Every structure is written in C-alpha cells, then in structure tokens.
Amino acid sequence: MTVLARTIDVTRRYGEVTALDGVSVEIRQGELVGLLGPNGAGKSTLINLFVGLRRPTSGTVELFGGSPSDPVVRRSIGVTPQETGLPESLKVGEIVDFVSAHFPDRASKDELLERFGITDLVKRQVGGLSGGQKRRVAVALAFAGNPKMVFLDEPTTGLDVEARRALWDGINAFHAGGGTVLLTSHYLEEIEALAQRVVVVGHGRVLADDTVRAIRDMVGVRRVSLVASSLPSLPAVLSSRFEDGRYELVTGDSDQLVVELVRSGVPFSGLEIRPTSLEEAFLALTSKEGTHV
Ligand code: ADP
C-alpha cells in the first residue's frame, strides 16, 4: 500500500525538552490511525511535523513522498489543530467559502455542512457560537479542500456525546470514501470506535504500533469476575475489588488465575472473563514504559 506520510528516525527538541525521540511512523493510503498517549507525549508535535508547522531537529518527515514544507504537497491535506482561532466576526458560511477558496478542488459546501451537522449554523457569526459549535466548524474546515488525508488533533475535545457522534460520522464517511486519517484523541472510546490501527506514544517514543486488538492482547490484561464469600491471596491477581457480592479481579494471566482459584479450594460461581478496554490496556502500556520499546 502507498505510504502517504512517514517519519524516519525523527527527533524534535524544544530547548532542553525532547518532544520526540527517534520516531519512525508510516501512514498508508486509506488507513484511519489513532495516535494515543498521555499529555506531553509528543502527539501534537508529531502532527505539526507532518503538516509542516514545525521542522524536525533531526530525521526526515515525508508527506506524499515530498516535503511537508512544500505548499503544493500541503494542498492535498486537511488539518484541525488542537486550538483553532477562527475570525469571530465572520459567519460560518463565509469562513467555509474563504477556506475553500484556497483549494483547487473544493468539497460541496452543502455536503460539507451536512456531513458535520452544522447546516443550521451557516448564517451565524463565529463569535456567537459555543465552544462545541466552533470545534465542529474547525473540524469541517479540514475537509473543505477535498483532501486526500486529514490530520485531526483532538477533534472532539469539549463536545457533548451527540456532537461527538456527528463528527465521528463525518470522519467515518470521509474514510469510507477512501480518505486517510491520522487523529489524536484523549477519548479512548473514540480511538476504539474509529481507528483500526493505534500508535501509542509516551515520552516522545513509539511504545506500540498495532491494531487495537493486538495492543490489548500485547498487554494481556483481563478482568475476571466471580461470586465468592471470600478469596485467599492469589499470585496471578493484579488488583481486586469486592462489590455487590462479586469479586472484580484484574490479571495478566487469566488461565493461571483460574488454576490458582481452583487449587485454593474456595467455593465460587458465575465466573466471567473479559478483555480490558483500550484505556486499561493503554494505562498498562504507558506505566510499563521501557519494557515494550
Ligand atoms: P501532546 O500533544 O502529546 O500533549 P506535545 O507534542 O504537545 O504533546 O508536547 C510534547 C512535549 O514537548 C511536552 O513536554 C511539551 O511541554 C513540549 N513542547 C511542545 N511544544 C512546545 C513549545 N512550543 N515549546 C517548548 N516545549 C514544547
């Protein structure tokens, strides 16, 4: 598959701070990739390098086989940065026209407004919009030039559930039409709902780069739930909670836990074993940083 965006051994420093440290990532055509990591991990820096807002201290950044600093290359991408300052006095419709005018290939305005659920806002001045409404406009603008690829830095921050779902639909529609997406998010359910591939970043390094499922499996943490009146200490248990007559256990090895449980001779019933959410997997990955590099 064609690689649309790539970093090769990229390091970016801000003075003493190393925001990215030897990062090599590839985004291929048609992929929807989630960039996941705690605050300060280097996600925005990586996005800014891809879209040409920053340059690497060392290493190479490629966009469509060229340089992100080339305006011709940048015409094929759409961007929603983490903070967007839209001109307050302009109406939403005017801003869409203004941004679209910069691109040779333009999305249909009506379709764009419809796709991101902002048709009703077209005559409203940006200054009078709520934070969530501004965010929706800012994300829609990333798609105004019919881009081949979009970079979305925390696209749904500050949105309520309904607005978030509307944006997910818009992003999914773009992806279904062959578009390529790199997005960062703090909402882990968002990454799980949208992305097929996850790049986990911590302290400027790539900790994992795989499917959501593979990352869960890599961490291997499972939730084990059972009914018992008491439990002895079992070595395979990482953490334990007792609620409404059920034990909720977290383990790195559910097979071993069941063996230990049976051997202990304690009566139990209603055994359930579930995979963890991406959030749990992610916490385990970032807290064990160094062992997965
Ligand atoms: P994230 O998006 O994952 O929260 P960032 O890429 O914003 O992470 O930041 C990575 C690191 O680089 C952090 O330690 C942050 O403080 C630092 N950093 C980012 N931008 C700048 C800047 N313009 N000047 C100095 N330090 C910065």
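The values are calculated or read from the model by the stated rules, or taken from the named source; none is laboratory data. Note that the structure is a prediction, hence the values are computed from the model and not measured. Note: ideal-geometry Cβ built from the backbone for every residue, glycine included; neighbour counts use all protein chains shown. In case anyone asks, the SASA skips ligands and DNA or RNA and just uses the protein heavy atoms, side chains included. Shrake-Rupley method; radii C 1.70, N 1.55, O 1.52, S 1.80 Å.
Going by what's in this entry, would Gly30 be described as of a type in the set (Gly, Ala, Ser) and part of a loop (DSSP other than H, G, I, E, B)? Judged against the criteria, Gly30 is a match.
Reported count of residues in the range 90-104, each being open to solvent by 80 Å² or more (accessible area, probe 1.4 Å) and outside any helix (DSSP H, G or I), is 3.
Answer yes or no as to whether Val61 is open to solvent by 10 Å² or more (accessible area, probe 1.4 Å), assigned to a strand (DSSP E or B) and either assigned by TED's automatic domain parsing to the domain that holds Gly178 or at pLDDT below 95 (or both).
On the way: open to solvent by 10 Å² or more (accessible area, probe 1.4 Å): yes; assigned to a strand (DSSP E or B): yes; either assigned by TED's automatic domain parsing to the domain that holds Gly178 or at pLDDT below 95 (or both): yes.
So Val61 fits the description; yes.
In the range 30-50, the residues that are under 22 Å from Ala173 (Cα atoms) and assigned by TED's automatic domain parsing to the domain that holds Ile77 form Cβ pairs under 6 Å with partners that are within 12 Å of the ligand (Cβ to nearest atom) and not in a strand (DSSP E or B), at six or more places apart or across chains, as follows: Leu35/Lys43.
Yes/no matrix, rows are residues, columns are (1) open to solvent by less than 10 Å² (accessible area, probe 1.4 Å); (2) away from the ligand (no atom under 16 Å from the Cβ):
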| site | (1), (2) |
| --- | --- |
| Gly145 | yes, yes |
| Lys148 | no, yes |
| Phe151 | yes, no |
| Ala166 | no, yes |
| Asn172 | no, yes |
| His175 | no, yes |
| Val206 | no, no |
| Thr211 | no, yes |
| Ala214 | no, yes |
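Check whether at least one residue in the range 8-23 is in contact with a His (Cβ under 9 Å, 6 or more places away or on another chain), modelled with pLDDT of 95 or more and either open to solvent by 10 Å² or more (accessible area, probe 1.4 Å) or not assigned by TED's automatic domain parsing to the domain that holds Ile77 (or both), and report yes or no. Looking for residues that are in contact with a His (Cβ under 9 Å, 6 or more places away or on another chain), modelled with pLDDT of 95 or more and either open to solvent by 10 Å² or more (accessible area, probe 1.4 Å) or not assigned by TED's automatic domain parsing to the domain that holds Ile77 (or both), one finds at least one in the range 8-23, hence yes.
The conditions of being outside any strand (DSSP E or B), at pLDDT 95 or above, closer than 12 Å to Gly204 by Cα and near the ligand (Cβ under 10 Å from one of its atoms) are met by Thr45. Here the condition is being within 15 Å of the ligand (Cβ to nearest atom), among the hydrophobic types (A, V, I, L, M, F, W, C) and more than 20 Å from the chain's Cα centre (by Cα); of Val92, Val73, Val17, it holds for Val17 alone. Just one of the numbered conditions (1) in a helix (DSSP H, G or I); (2) more than 16 Å from the ligand (Cβ to nearest atom) is not true of Tyr247: (1). Residues in the range 177-193 that are open to solvent by 10 Å² or more (accessible area, probe 1.4 Å) and either away from the ligand (no atom under 12 Å from the Cβ) or aliphatic (A, V, I, L, M) (or both): Gly177, Gly178, Tyr187, Leu188, Glu189, Glu192, Ala193. Only one entry in Gly65, Gly78, Gly59 is closer than 13 Å to Leu183 by Cα and more than 8 Å from the ligand (Cβ to nearest atom), namely Gly78. Listed here are the helices (runs of 4 or more DSSP H) enclosed by the range 161-237 that have at least 1 residues being not assigned by TED's automatic domain parsing to the domain that holds Val10: 212-219. The requirement of being part of a loop (DSSP other than H, G, I, E, B), open to solvent by less than 80 Å² (accessible area, probe 1.4 Å), of a type in the set (Gly, Ala, Ser) and closer than 30 Å to Val198 by Cβ is fulfilled somewhere in the range 48-55, by at least one residue.
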